[in-house]
Amino acid sequence: MNWLLENKTALVCGSTAGIGKAIAETFAASGCRLILMARNEDKLKRLADSLPQKGLKHLYVVADFQIPQQPKNQLEALLSDNPGLGIDILVNNTGGPAPGPAHTSNSQAFIDAFSAHLINNHELMQICIPHMQANQWGRIINIISTSVKIPLPGLGVSNTVRGAVGNWSKTLANELGAWNITVNNVLPGATATERLEAIINKKAEKTGRSTAEISEEMRSEIPLNRFAQPQEIAAAVAFLASENANYINGINIPIDGGRTGNL
Ligand SMILES: NC(=O)c1ccc[n+]([C@@H]2O[C@H](COP(=O)([O-])OP(=O)(O)OC[C@H]3O[C@@H](n4cnc5c(N)ncnc54)[C@H](OP(=O)(O)O)[C@@H]3O)[C@@H](O)[C@H]2O)c1
């Protein structure tokens, strides 16, 4: 599906695999110019070269969200090497925090996750908004988790930090609406990516049960009785990025097959 993102430039973080990669592919198919960001330069280069492009070449930034200020510094370097380049659409996304209960997690795990998720999102937003404000148009879309609505068992640090990102985002939506910049969150449910496969394998290892049994149990909690495909998350992100979503601001959209047990 073409979401008509021609003449737009999007920074998509965590875009070499899973949900982020599907977003980059969907955006590129809709005529958008991409700036990709992740840690693995080979994957970034290959993807930037292989995505369809209308006119200008796709770009990439090598950065690790675990290293404070690296995403910000690397993005600033790219923008100073490319005078006139501005970002219309920012998609904040990176690998999730490690699993485990909240009450046994050490303080540093919270600090690291807060830095990787909230602080990086904030610093990237601050680099992007002058161009959006000047154009009176912008989109900030955060890939978070359904734990923003209902905390998920065994994800103590993640639940905590995801909640902070949700409230940061809602606050920004209130502040930036004055410049016609919308800020929204997409909350994926169980999505068939490398991350989900790793989670299922880990659970199998820990419990001695088969991966098939664990997958089946997870699917049985989802009214649609299947995992999402990354492209199904990307479609919602592309909709929010498009002119079709002009009046949608400050919301959380769960894309979870109906799993989350509240409205
Ligand atoms: N899949 C699910 O079921 C699901 C459900 C709910 C929420 N989520 C959340 O959605 C987000 C994306 O999940 P996913 O399943 O698409 O993950 P994924 O398949 O593991 O992909 C993660 C992407 O982020 C990049 N990345 C990981 N750590 C990074 C770091 N420290 N710095 C920069 N880039 C990094 C990876 O590339 P490099 O390795 O090259 O850096 C990759 O491009 C995560 O926050 C996850 O918790 C996923």
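Listed values, structure above:
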read-out: Over the stretch 113-263: Kirkwood hydrodynamic radius from C-alpha pairwise inverse distances, Å; value: 16.7 Å
read-out: Per-selection Rg to Rh, the stretch 157-242 - Cα, Kirkwood hydrodynamic radius; value: 1.10
read-out: Likely footprinting exposure, Lys54, Lys170, Lys206, fewest C-beta neighbours within 10 Å first; value: Lys206, Lys54, Lys170
read-out: Rounded tilt (10° steps) of 211-220 against the dominant C-alpha axis of the chain; value: 80 degrees
read-out: At 0.890 mPa s and 25 °C, Stokes D of the stretch 71-197 from Kirkwood alpha-carbon radius, µm² per second; value: 157 µm²/s
read-out: Angle in degrees between helix 156-176 and the longest Cα principal axis of the chain, rounded to the nearest 10; value: 30 degrees
read-out: Relative frequency of Cα-Cα separations exceeding 14 Å in the stretch 1-65, percent; value: 46 percent
read-out: Positive-pole candidate from Ile127, Asn73, Cys32, dipole of the chain, charges at beta carbon; value: Cys32
read-out: For Ile248, Ile119, order by how many other beta-carbon atoms lie within 10 Å, fewest first; value: Ile248, Ile119
read-out: Likely footprinting exposure, Ser145, Ser115, fewest C-beta neighbours within 10 Å first; value: Ser115, Ser145
read-out: When each of Lys54/Lys170; Lys57/Lys202; Lys21/Lys149 is checked by Cα-Cα distance, pairs over 31 Å; value: Lys54/Lys170; Lys57/Lys202
read-out: Check: the chain dipole with +1 on Lys, Arg Cβ and -1 on Asp, Glu Cβ, in debye; value: 160 debye
read-out: Förster radius 41 Å - calculated FRET efficiency between Ala102 and Asp81, Cβ distance, rounded to 0.05; value: 0.45
read-out: Tail fraction, Cα-Cα pairs, the chain, threshold 35 Å, whole percent; value: 12 percent
read-out: Residue among Ile214, Gly189, Thr260 farthest towards the positive dipole end of the chain, charges placed on Cβ; value: Ile214
read-out: Nonlocal amide H pairs with Ala63, under 5 Å, H built at 1.01 Å; value: Ala38, Arg39
read-out: Listed residues Gly138, Gln108, Ala178: farthest to the positive end of the dipole of the chain (Cβ charges); value: Gln108
read-out: Cα long-axis angle, helix 194-207 against the chain (0 to 90 degrees, to the nearest 10); value: 20 degrees
read-out: From phi via Karplus (6.51, -1.76, 1.60), per-residue ³J(HN,Hα) for the stretch 244-249 in Hz, x at Gly/Pro; value: 5, 10, 3, 9, 9, 8
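Read-outs throughout are calculated quantities, based only on the coordinates presented, and are distinct from any laboratory measurement. Model, not experiment: these values are computed from the prediction. Ideal geometry is used to build each Cβ from the backbone, glycine not excepted, and the neighbour counts take in all protein chains shown.
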